1. In this structure, does residue 75 turn out to be open to solvent by 10 Å² or more (accessible area, probe 1.4 Å) and either out of contact with any Leu (no Cβ under 8 Å at 6 or more places or on another chain) or touching a residue at least 40 places away in the same chain (Cβ under 8 Å) (or both)?
2. Please verify whether segment 78-93 includes one or more residues that are over 17 Å from the mean Cα position of the chain (by Cα), modelled with pLDDT under 95 and surrounded by fewer than 24 Cβ atoms within 10 Å (Cβ to Cβ).
3. When you go through 82, 133 one by one, which is the residue that is farther than 30 Å from residue 245 by Cα, within 16 Å of the ligand (Cβ to nearest atom) and among the β-branched types (Val, Ile, Thr)?
4. From the list 179, 191, 167, 145, which residue is of a type outside the set (Phe, Trp, Tyr), open to solvent by less than 30 Å² (accessible area, probe 1.4 Å) and either in a helix (DSSP H, G or I) or without any contact (Cβ under 8 Å) to a residue 40 or more places away in the chain (or both)?
5. Under the condition of being within 16 Å of the ligand (Cβ to nearest atom) and assigned to a loop (DSSP other than H, G, I, E, B), which residue from segment 4-20 is nearest to residue 153 (Cα to Cα)?
6. For segment 194-226, what are the residues that are β-branched (Val, Ile, Thr), within 15 Å of the ligand (Cβ to nearest atom) and either over 13 Å from the mean Cα position of the chain (by Cα) or surrounded by fewer than 18 Cβ atoms within 10 Å (Cβ to Cβ) (or both)?
Amino acid sequence: MTATQARQAQPIGVFDSGIGGLTVVRALSARLPHENIVYFGDTARVPYGPKSPQVVREYTAQDVAFLMSHRVKMVVIACNTVSAVALDVVQKHARVPVVGVILPGAAAAARVSVRRRIGIIGTQATVNSGAYVHAIRSVAPDVQTVSAACPLFVPLAEEGWMDHQATRLIAREYLFPLTLEKIDTLILGCTHYPLLASAIAGAVGAGVTLIDSGEAAAADVERQLDENGLRNTSTERPHLQFYVSDIPAKFAGIGELFLGQSMGRVRRATVDGSGVAPLV
Ligand code: DGL
């Protein structure tokens, strides 16, 4: 193996506050089936969404240090909350290319919106940050935006209540004000929301296009891999590694639902990158 091939075979590091970032791993695996991936979910400290930007930034620095200890060739911030309030922290600590979900999601929405009215839903921290609004303004100044935090969607997805009447009811409650604004595009600005896509689509109506920021980010990862000569040229089955900072009973079960495939062994990691122990 040449030095270039060895570099290309290094894993992509993906992290999230917890389990939801597996939807981004799923999008990455579908688009880039030969890439090795190291995933870290900070399940001991999830959720990040209701926390202050300062705390999220502290956690983020530790999460990135853990991924860097695995010699990743690129860092993908699956978490919208981290992408919204701590992108600069990741860029400072990662000595490799970094891809977040906000700009790719915003650009994808701006490309498809015909009426130029885009809705944004996310955690409280993501909505408060205004990161999606700024990103949309930077690529499409003519677009009007309306945002709403939907905090209950995260526990509903974690509970596996994708197609539950409670989920549909809550979706209608959260999203009705957005429908009054005549949006034609809605950004699912949180890792967990793509799992609730059918309830969300039911609440906003068939005329609204849903944008999965994770899928948009996967396209950006592919572009950046190619630009940096980092795409893995091996056609062997990729090595996917999963680490979490706690032992949530449901991680593997719900995780496989998020991922759309089996996860193999999940390991426990300390977030300062100093040690790893198998889950028991
Ligand atoms: N991963 C978070 C996000 O995408 C959702 C869960 C949380 O609040 O930590 O914003």
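1. On the way: open to solvent by 10 Å² or more (accessible area, probe 1.4 Å): no; either out of contact with any Leu (no Cβ under 8 Å at 6 or more places or on another chain) or touching a residue at least 40 places away in the same chain (Cβ under 8 Å) (or both): yes.
Considered against the rule, which asks whether it is open to solvent by 10 Å² or more (accessible area, probe 1.4 Å) and either out of contact with any Leu (no Cβ under 8 Å at 6 or more places or on another chain) or touching a residue at least 40 places away in the same chain (Cβ under 8 Å) (or both), residue 75 comes out as no.
2. Let us first name the residues in segment 78-93 that are over 17 Å from the mean Cα position of the chain (by Cα), namely 92-93.
Checking the rest, the ones that are also modelled with pLDDT under 95 come to none.
Checking segment 78-93: not a single residue is over 17 Å from the mean Cα position of the chain (by Cα), modelled with pLDDT under 95 and surrounded by fewer than 24 Cβ atoms within 10 Å (Cβ to Cβ).
3. Numbers: 82 fails: farther than 30 Å from residue 245 by Cα.
Just one listed residue meets the conditions, 133.
4. On the way: 179 fails: open to solvent by less than 30 Å² (accessible area, probe 1.4 Å); 191 fails: either in a helix (DSSP H, G or I) or without any contact (Cβ under 8 Å) to a residue 40 or more places away in the chain (or both); 145 fails: open to solvent by less than 30 Å² (accessible area, probe 1.4 Å).
Every option except 167 fails the conditions.
5. Of all residues in segment 4-20, those within 16 Å of the ligand (Cβ to nearest atom) come to 13-20.
Filter once more, so that each one left must be assigned to a loop (DSSP other than H, G, I, E, B): 17-20.
On the way: 17: 15, 18: 14, 19: 14, 20: 11 Å.
My answer is 20.
6. First pass over segment 194-226, keeping only residues β-branched (Val, Ile, Thr): 200, 204, 208-209, 211, 221.
Applying the additional criterion that residues be within 15 Å of the ligand (Cβ to nearest atom) yields 200, 211.
The one that is β-branched (Val, Ile, Thr), within 15 Å of the ligand (Cβ to nearest atom) and either over 13 Å from the mean Cα position of the chain (by Cα) or surrounded by fewer than 18 Cβ atoms within 10 Å (Cβ to Cβ) (or both): 200.
The values are calculated or read from the model by the stated rules, or taken from the named source; none is laboratory data. Bear in mind the structure is a predicted one, so any value in this text is a computation, not a measurement. Backbone-built Cβ (ideal geometry, glycine too); neighbour counts: all protein chains shown. Side chains included, ligands, DNA and RNA excluded: accessible areas come from the protein's heavy atoms. Shrake-Rupley method; radii C 1.70, N 1.55, O 1.52, S 1.80 Å.
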